[in-house]
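Only one structure is covered here, and it is reproduced in the block below.
The values are calculated or read from the model by the stated rules, or taken from the named source; none is laboratory data. All values reported here derive from a predicted model rather than from experimental measurement. With ideal geometry, Cβ positions are generated from the backbone for all residues, glycine too; neighbour counts draw on all protein chains shown.
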Amino acid sequence: MLQRIFQTGMNAIRRSTGSGKSSSLDLSADRKDPEGFKREILLNDQLQTKDLEYHVGYVVQDDIVSGNLTVKENLLFSDNVRL
């Protein structure tokens, strides 16, 4: 279980192996089937139930779109592709 309050902007999650970091992010970005998981995500104290994938993005450590781009540039590229 991952419980965290994130500030606007870029955040980092550092936990031990197997603690649920990737699963939590995959669920938040709708990259993982929520079957069998309980997901509650609050944004400004409001429960988020749909279209969350349009507000959540992340770059995993070994899945960079282009090794020549910075993390920020990769995120912007991914965001533009999704639009």
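Do the conditions hold for Lys32, that is, is it under 23 Å from Lys72 (Cβ atoms), at pLDDT 75 or above and surrounded by 11 or more Cβ atoms within 10 Å (Cβ to Cβ)?
So Lys32 fails the test.
Is it the case that some residue within region 4-22 is touching a Ser or Thr at 6+ places or on another chain (Cβ under 7 Å) and at pLDDT 70 or above?
Taking every residue of region 4-22 in turn, none turns out to be touching a Ser or Thr at 6+ places or on another chain (Cβ under 7 Å) and at pLDDT 70 or above.
Restricting to region 66-83, name every residue that is assigned to a loop (DSSP other than H, G, I, E, B) and either of a type in the set (S, T, N, Q) or modelled with pLDDT under 65 (or both).
Answer for region 66-83, where residues must be assigned to a loop (DSSP other than H, G, I, E, B) and either of a type in the set (S, T, N, Q) or modelled with pLDDT under 65 (or both): Ser66, Asn68, Thr70, Leu83.
So is Lys50 modelled with pLDDT of 75 or more and on the phi < 0 side of the Ramachandran plot or not?
no
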